[in-house]
């Protein structure tokens, strides 16, 4: 059966499940007598800029629980970046937004923009959600989404497998899009111009359709010439959502989101050079073999002239909520995702001392990705005896089809200081991609059936006990065809993991909570859709974590602070047999432990101070690599062990003016398991000035004001750090009609 037929078939199955849910809820609703209180709905949160602390601690978070718990009631650390904050700080995309979250590092890696690390883990150990629906492999889906599209971005720290299944070992990031709002007529727009030829436009219109329905359209477009040679890019986001409440006991939402991006010649990082060859050697990178990063190459691009990189995705989402009785709801959610992605690039470069040239690879990768998920849950909020009890029980089914073309070759070497980049041969010919394993097609199918349950019981008015269980049945099949050798490989695997958590929250006072939580989570060896035949024989890795902390708001809600401590350990990572380094076995271990402190203070009217500090110790406890090299005691790649933020803003009372400035410190980190390449620490300064208008606001943003040379992530290879943008400015106009 062909790809598109399978896509239609999975969509029909999902729609059939949705119809079954509708029939079930319709029957239950018909049996209930008319009347009753209206259901509690999670509407848009309006935040008054710098005028006061945000109410996010008391607003239910859909990321941390399906019980409608607020962050204050949740035994875990949650960061909420709402739309008002995103706009006030000039955070244009999801990469910038995540880098503003305490303790989080996000990189603009071209293969997966928005890849993150937190709490000592990175990449596939962090689940990516779109309005609560997850993919089986976050790095495949992540892009630098425009922040204009989202109501908020929520970051849940710590294992989340009990909510989202395998692959959420270190946490989850939930991109919550704007949705239609009943009874509100609103029109907003945005225009922006900035350094490097950047332009940005956005529009957001919410239109009530009578008293019971509303329609919302959100669209944005970004373009930039880039801060390295020939690296222009553009992206477009569009969303259309519909909300319908025909009865006080029933509500239905449907939304369609479209995203696409294109790069002329993507930037894959700056290669290291021998110190003697560097024209402006910098201290940013320290390598075991003495190579350095040459500041003179800051704007150089070594990709070929005919490179091509683009991605397009469409996401259909529906949600139906029936009130079956007092405090009892049946919720059905269906999501269908389709994406096409292409990478035709020269991605890795390494200096050849004999020829004094950079050797370059070529890569052609294409993705054809279809995925659907159907979730049906029964949620109750009532009394158990005289104690409040909130519970949910549900089923989830998902089906992902992933077809991939992979081609690997080489192209002409170039002078690092004067590269004649030329063109590469990307035609699908063995001559362009010679050798075994260099012309491969494969397809993967991942089917998951899950049963989950959560319960939050108030043992007393001040003491909450929370528990959760999730059982997954995962069926994976993969077919691989090596076109150069004609070898066909096929394998299947199944997994049946059980994830769970147990936590508690105790109110020391009305606005001060102590919490603790223990979690058991699972993660695959690598990524399930990309699982190799060699790794297919291994079981899932297992993780466990302990979280504890305090959350508090004091001084008439003018001071808010939180302190969290955690420990996470992942067992059964792939290592080498200590008695035979040629054999790969499960038995490695990786762990992290750390503390996170955040605070917000309003000492004077209009003045707000925000600060955060994340300090951790992340290590490979047991890990051997090819040849028997022992990596025990090393720090995992792209994991800084210190991140700190400090920000101040002042909103004048007598003038329509707001001033803001901030600094972010990111400690040193390594780009490889061997810790041979170290990226130095940096402090980056930003500032803004905003003038309020009768119909909106005009703002000027300055970024990286000290023009620091720094890198956010490793690029196409461990010795190719991705340099961040130099000093830049942007002028933005936002209007409300």
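All of the numbers you see were taken from the coordinates with simple rules; none came from a lab. Remember, predicted model here, so these are calculated numbers, not experimental data. Neighbour counts run over all protein chains shown; Cβ positions are idealised from the backbone, glycine included.
Output the relative contact order of the chain, whole-number percent, from Cα pairs under 8 angstrom with separation of 6+ residues.
Values: 2085 pairs, mean separation 85.5, N = 737.
After rounding, I find 12 percent.
Could you give the length gained on full extension between residue 277 and residue 299, defined as 0.36 nm per residue of separation minus the Cα-Cα distance, in nm?
Answer, rounded to one decimal: 6.2 nm.
Please work out how much length the chain gains when fully extended from residue 217 to residue 441, using 0.36 nm per residue of separation minus the C-alpha to C-alpha distance, in nm with one decimal. Provide the component values of the computation, followed by the final result.
Working: separation 224, 0.36 × 224 = 80.64 nm, distance 3.86 nm.
Result for the pair: 76.8 nm of gain on full extension.
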Practice prompt. With a point put 7 Å past each Cα toward its Cβ, work out how far residue 405 is from residue 481 in nm, to one decimal.
Written response: 1.2
Worksheet item: Which order results if 66, 357 are arranged by neighbouring Cβ count within 10 Å, fewest first?
Response: 357, 66
Fill in: Computed label-point distance, nm, for sites residue 502 and residue 418 using a 7 Å Cα→Cβ extension
7.1
Worksheet item: Percent of alpha carbon pairs in the stretch 217-360 separated by more than 27 Å?
Response: 51
Discussion item. Given a Förster distance of 56 Å, report the FRET efficiency between residue 533 and residue 693 from their Cβ-Cβ distance, rounded to the nearest 0.05.
Written reply: 0.35
Response to the item:
Going fewest to most other Cβ atoms within 10 Å around each Cβ, 329, 221 line up as 221, 329
Discussion item. Helix-only mean residue ellipticity at 222 nm, the chain, DSSP H runs n ≥ 4 weighted -39,500 (n - 2.57), per residue, nearest 500. What is it?
Written reply: -2000 deg cm²/dmol
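Can you tell me how the stretch 664-737 classifies by the Cα gyration tensor, rounded, prolate or oblate, using a/c under 1.5 as the rounded cut? Write down the numbers at each step before the final one.
Numbers: a/c = 3.88, a/b = 2.97, b/c = 1.30.
Cα axes put the stretch 664-737 in the prolate bin.
Restricting things to Cα coordinates, could you compute the convex hull volume per residue of the stretch 90-160 in Å³?
Working: hull volume 6.2 nm³, N = 71.
It comes to 87 Å³ per residue, whole-number rounded.
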Worksheet item: Rounded to the nearest 0.05, what FRET efficiency do residue 617 and residue 494 have when you use their Cβ-Cβ distance and R0 = 51 Å?
Response: 0.90
Worksheet item: Taking 0.36 nm per intervening residue step and subtracting the Cα-Cα distance, what contour gain separates residue 306 from residue 544 on full extension?
Response: 81.0 nm
Worksheet entry | Label selected from (1) 30; (2) 43; (3) 22, the criterion being percent of Cα pairs over 44 Å apart as computed here | (3)
Worksheet entry | Cα-Cα P(r), the stretch 614-737, percent of pairs per 10 Å interval | 12, 29, 25, 17, 11, 5, 1
Practice prompt. Starting with the fewest neighbours, write out 366, 697 ranked by other beta-carbon atoms found within 10 Å of each beta-carbon.
Written response: 366, 697
